[in-house]
Amino acid sequence: MWAEKALKEALKEADQAEVLEISSSFRRVLVENNKVVYFETSSENSLRVMVVKEKRVGLASVNSLTEERIREAVQTAVAFMKTSRPDPEFCTLISPKPLSAVSEIFDNKIASAEPSEVVDYVLKAVEKAKAGKTVITQGEVYLGVSTLRLVNSEGVDVEYSKTRASFSITLTAYGKSGGSESFRERSTIYWEDLKLEENVGELAELAHKTLSPEKIEPGEYTVLMAPDAVSQIISVIAFAANADNVRKKRSPWAERLNTEVASKQLTVVDDGTLPRGVRTAPCDGEGYPTKKKTVIEKGVLKTYLYDYYTARLMNTESTGNASLSRPFPAIAATNLIIEAGAKSFEDLVSEVKKGVYIPRLPPTFINPITGDFSAELRQAFLIENGELTKPVRWGMVAGNAYALMQSIVEVASDKTQLGSIITPSILFEKVRITG
Amino acid sequence: MLRELQDFLARTIEEFSSEAEFIDVRAEFLTSFSTSVENSVLKGLNKANSRVIGIRALVKGCWGIGSTDDFSPESIKKAFREAIASAKALASRAGGEVKLSEEKVYSDSKEVSVKISPSDVDVEEKIKLVLEFNKIIRNTDSRIVNCRTTYSDSSREILYLNSEGASIYQKLPSVFLYASAVAREAEKTQASYEAIGGQYGYEKIRELDINELGLKLGKEAVELLSAETIKGGTMTVVMDGRVSGTFAHEVFGHAAEADNILNAKSFLSGLVGKKIGSDEVTIVDDATVPGAYGSYFYDDEGVPAQRKVLLEKGVLKTYMHSRETAGIMGVKSTGNGRAQDPRHRVYVRMSNTFIAPGNWSPEEIIEDTKHGVYVEKALGGMEDPVGGGFQVSALKAWLIENGELKKLLRAVSISGRALDILKKVDAVGKNFVLEPGFCGKGYAGDYVPVTTGGPTVRVSEMIVGVGGR
């Protein structure tokens, strides 16, 4: 309800303006040591105004919305616009475009959840952990609702509401020689898709199976990565395919369009319209309709991800990948989907003579510019003669994320929606593991 | 306005005090300014102004938090009711055991004093700074294809009141200058960064020699283009202050947080009073370092900030506590109860955590090393308080041969087990740096300002891993 007022106020001085208003609320329940310890409830209304005159940009954001605070924000943005320097690459804000038809981005069950329901949901998961003789050492469950309104001086006026459910769980099993810690996080639009209890069960099983690891023998292995591990490696795609990084030569995929950047087994789709996709919306952060596009087809790079600002500079169309951040350009992947292969996870295991199965990697810094990384093996298993055998640890997977994408042997038929990344398990060859 | 709010909050706490064992309120007012230049283009000027109020209520050993950004009396009271209702929803189902330690109650008002308030500095000067800094970096070499420079400042005011009568106001300003440079040659791309800042006024920025800083950064990115890789293995590792600080923070620090001890999530459990490291190594968490980004006057439970020696000459002395962990363990809080903001819970959090400086000059440490690697600039490490495993990737490294830095290396990471590393520290430098950053705990969204840093530190044996193609 504040957006028009702010826009009107801004246009008294600016040539063009854009206002983003977000009202949001969340509930978060925190678990420690199998006890539910904190229940948080929060609500907020915020607004951001961007003003442009003669290619000079001013920005201000404010929350706790009152008429006075909004007026002050607009005045600040206008004052900044006047002192700023022109951005020669800025052309115009976009005019209204037909929106994408998207469905299933709002779950009424989240919006209407009673505090007691949320607590009971989490308690059930704690019971599951206890039954599996494990402890949720740290966990959180989040349920949020937000309504977003984007208006600009050219006539864009979009409003939509979304819900989000997510969890992050660290679960530990204890044995004679210490503990084994499992970790997982998931994010969904619908509460029912979160499947907390089921995930806790799987984490408990994994923690028990990895209680007494042996030291891994350094060497080159065929490596089967589960979706949680794969998602870390392939997260560099969002950086490398980002058209701004391409244009500014930060991306290793600059000037690589229609060439092979990955193994023939890899097909990657970015889909901003996916039903129940956590980054699904009728339009992107500039107001441009979201789209579904194949980024990598059988290893060949088919398109970069563009916002309108960058697309115009590169003489092409936006792919609907503008994010909500400002100033321009601001490009992000939406729902990044790795297409499933034909063989099941079990089939892939059975084909490996000597290899390593990695359910997940610890959060690892992957240098997106070079792709270099090394990640400690914490929970992993040997694959010997087509079977998962003993747990191993104390080694490091050392390599390069871009090179790894070239060494994909097979993509499994299983598929997990982790959050904005949806991926099957993937089999890689010649992965270096150091001691 | 603050005075009025303070009075209103005190009255409202009183009004609701019969419904909870304990109530505290945090109100935060945050204004920040930032501007960036990418290559030669100024990417706008940005100001953010936010405020939020959070109420924490303890009912039958369970916590509820209600927060809002709406400062009308009705909304604030609604947040009180939500906090209490949430705590009750937990108490009736789960049952809690939270008990707070007894602490002295303070009424105080504190402010970090600065010579030049950033808000008094003309925006034009800040624009010229980022433009000029950017130009210097790009002019160092034609292979620098991209350069981003960012200046930001902020002012954070926090009001704390609780049902025991505490009433504390503190104001923490900050300034930052950040730069990244990307160098490219043929198919090779490398990048480097520099971050400077903390709780200072604009004088800190005016004191900087941006010519020298810019040249150093530009050169570093270009040099990395010709960096080599080596075969990994076990060898002597010399860590610069930023890497040794990452070790002190990620591995030792997190494991010394008392909630991790209570949750059986720490390899330091049961080791207080035990000798676990070499005589060379002393580790401190000091929330009172002037200017450091992780400093404060009072924590988010109204307990004064303190300097704690966690490990003294290899002997574990104490854990870090909030009032909650101190209450359970029967000790006093060490003033480490911190929350990202009033929307979020209080955890045991670090402030400025580092290995205390020793007697060696950094040059002496290198000269004294026969064969090993010198690692510089941590690129993110990961805690493993349970297993005590340590791993960090370094932006760059040098191969040391017979006391000399021989070859520039890229994509090096080091790892090992904390208890092994602590025993193998055999030289600690007298040099000292602190780099501002954020520490996450729990999951998405629980970040607090900290610093990472310390002296140059040598470990006689660690695992060196090498990524890269």
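The values are calculated or read from the model by the stated rules, or taken from the named source; none is laboratory data. What you see is a predicted model, and the numbers here were worked out from it, not measured in a lab. Glycine also receives a Cβ, built like all others from the backbone with ideal geometry; neighbour counts cover every protein chain displayed. Just the protein is used for accessible areas: all its heavy atoms, side chains included, with ligands, DNA and RNA removed. Shrake-Rupley method; radii C 1.70, N 1.55, O 1.52, S 1.80 Å.
When the stretch B:137-152 is limited to residues that are open to solvent by less than 20 Å² (accessible area, probe 1.4 Å) and modelled with pLDDT of 95 or more, the one that is nearest to the chain's Cα centre (by Cα) turns out to be B:151.
Whenever a residue of the stretch A:417-432 is within 22 Å of residue A:376 (Cα to Cα) and touching a residue at least 60 places away in the same chain (Cβ under 8 Å), its partners that are open to solvent by 20 Å² or more (accessible area, probe 1.4 Å) and of a type in the set (Val, Ile, Thr), lying with C-beta atoms within less than 6 angstrom and at least six residues away or across chains, give the pairs A:427/A:409; A:429/A:222; A:429/A:409.
Restricting attention to the stretch B:45-57 and to residues that are open to solvent by less than 10 Å² (accessible area, probe 1.4 Å) and not β-branched (Val, Ile, Thr), the residue that is nearest to the other protein chains (Cβ to nearest Cβ) turns out to be B:45. Per the listing B:77, B:99, B:88, the residue uniquely farther than 26 Å from residue A:22 by Cα, more than 7 Å from every other protein chain (Cβ to nearest Cβ) and touching a residue at least 60 places away in the same chain (Cβ under 8 Å) is B:99. Being of a type in the set (A, V, I, L, M, F, W, C), modelled with pLDDT under 95 and surrounded by fewer than 23 Cβ atoms within 10 Å (Cβ to Cβ) is a property that residue A:345 lacks. Taken over the stretch A:181-202, the residue count meeting the criterion of being within 14 Å of another protein chain (Cβ to nearest Cβ) and open to solvent by 10 Å² or more (accessible area, probe 1.4 Å) is 6.
I'm checking my understanding of the structure. Among residues of the stretch A:349-391 that are part of a strand (DSSP E or B), within 14 Å of another protein chain (Cβ to nearest Cβ) and not aromatic (Phe, Trp, Tyr), which one is nearest to residue B:181 (Cα to Cα)? It comes out as A:372.
Within the stretch A:40-72, the only residue that satisfies the criterion of being part of a helix (DSSP H, G or I) and surrounded by 20 or more Cβ atoms within 10 Å (Cβ to Cβ) is A:70. Counting the residues of the stretch B:342-391 that are assigned to a strand (DSSP E or B), open to solvent by less than 10 Å² (accessible area, probe 1.4 Å) and within 14 Å of chain A (Cβ to nearest Cβ) gives 7. If you go through the stretch A:272-299 and keep only what is more than 22 Å from residue A:163 (Cβ to Cβ) and assigned to a loop (DSSP other than H, G, I, E, B), you end up with A:286, A:288, A:291, A:298, A:299. Cβ separations smaller than 6 Å between residues 6+ apart or across chains give the following pairs from the stretch A:240-266 residues that are aromatic (Phe, Trp, Tyr) to residues that are open to solvent by less than 30 Å² (accessible area, probe 1.4 Å) and part of a helix (DSSP H, G or I): A:253/A:240. Kindly indicate whether any position in the stretch B:175-198 is of a type in the set (S, T, N, Q), closer than 21 Å to residue B:115 by Cα and buried (at least 20 other Cβ atoms within 10 Å of the Cβ). For the stretch B:175-198, residues of a type in the set (S, T, N, Q), closer than 21 Å to residue B:115 by Cα and buried (at least 20 other Cβ atoms within 10 Å of the Cβ): absent. If you take the residues of the stretch A:163-218 that are assigned to a strand (DSSP E or B) and of a type in the set (Lys, Arg), which of them is nearest to residue A:142 (Cα to Cα)? For the stretch A:163-218, the residue satisfying everything is A:164. Every test in (1) crowded, with 23+ Cβ neighbours inside 10 Å; (2) not in a strand (DSSP E or B) is passed by residue B:16 save one, and that test is (1). Hey, could you check the stretch B:102-124 for residues that are part of a helix (DSSP H, G or I) and within 11 Å of another protein chain (Cβ to nearest Cβ) and say which is most open to solvent (accessible area, probe 1.4 Å)? Among those that are part of a helix (DSSP H, G or I) and within 11 Å of another protein chain (Cβ to nearest Cβ), it is B:124. For residue A:310, the stated conditions hold: it is open to solvent by less than 20 Å² (accessible area, probe 1.4 Å), at pLDDT 95 or above, touching a Pro at 6+ places or on another chain (Cβ under 6 Å) and at negative phi. Answer yes or no as to whether residue A:89 is within 13 Å of chain B (Cβ to nearest Cβ) and over 23 Å from residue B:27 (Cβ atoms). Considered against the rule, which asks whether it is within 13 Å of chain B (Cβ to nearest Cβ) and over 23 Å from residue B:27 (Cβ atoms), residue A:89 comes out as yes. Checked against (1) buried (at least 22 other Cβ atoms within 10 Å of the Cβ); (2) of a type outside the set (Val, Ile, Thr); (3) closer than 25 Å to residue B:109 by Cβ; (4) more than 14 Å from chain A (Cβ to nearest Cβ), residue B:332 meets all criteria but (1). Number of residues in the stretch B:81-101 that are open to solvent by 40 Å² or more (accessible area, probe 1.4 Å), polar (S, T, N, Q) and assigned to a loop (DSSP other than H, G, I, E, B) equals 0. Within the stretch B:63-74, being more than 7 Å from every other protein chain (Cβ to nearest Cβ) and more than 26 Å from residue B:155 (Cα to Cα) holds for one residue alone: B:74.
Pick from the stretch A:203-212 the residues that are among the small types (Gly, Ala, Ser) and open to solvent by less than 20 Å² (accessible area, probe 1.4 Å): which of them is nearest to the other protein chains (Cβ to nearest Cβ)? Step by step, filter the stretch A:203-212, then rank; the result is A:207. Only one entry in A:322, A:333, A:398 is more than 9 Å from every other protein chain (Cβ to nearest Cβ), buried (at least 21 other Cβ atoms within 10 Å of the Cβ) and without any contact (Cβ under 8 Å) to a residue 40 or more places away in the chain, namely A:322. Taking the conditions (1) modelled with pLDDT of 95 or more; (2) in contact with a Pro (Cβ under 7 Å, 6 or more places away or on another chain) in turn, residue B:59 satisfies each one other than (2). Within the set A:128, A:124, the sole residue that is surrounded by 20 or more Cβ atoms within 10 Å (Cβ to Cβ), modelled with pLDDT of 95 or more and more than 30 Å from residue A:321 (Cα to Cα) turns out to be A:128.
Does any residue of the stretch B:223-243 turn out to be open to solvent by 10 Å² or more (accessible area, probe 1.4 Å), within 21 Å of the chain's Cα centre (by Cα) and at pLDDT below 95? Yes. Say whether the condition of being touching a strand residue (DSSP E or B) at 6+ places or on another chain (Cβ under 8 Å), closer than 19 Å to residue A:365 by Cα and either at pLDDT below 95 or surrounded by 21 or more Cβ atoms within 10 Å (Cβ to Cβ) (or both) is met by at least one residue in the stretch A:251-272. Yes: the stretch A:251-272 contains one or more residues that are touching a strand residue (DSSP E or B) at 6+ places or on another chain (Cβ under 8 Å), closer than 19 Å to residue A:365 by Cα and either at pLDDT below 95 or surrounded by 21 or more Cβ atoms within 10 Å (Cβ to Cβ) (or both). Checking every residue in the stretch B:126-141 against the condition of being farther than 20 Å from residue B:296 by Cβ, within 13 Å of another protein chain (Cβ to nearest Cβ), part of a strand (DSSP E or B) and acidic (Asp, Glu) gives zero matches.
Examine the stretch B:311-323 for a residue that is farther than 22 Å from residue B:285 by Cβ, modelled with pLDDT of 95 or more, in contact with a Lys or Arg (Cβ under 7 Å, 6 or more places away or on another chain) and outside any loop (DSSP other than H, G, I, E, B), and state whether such a residue exists. No: zero hits.
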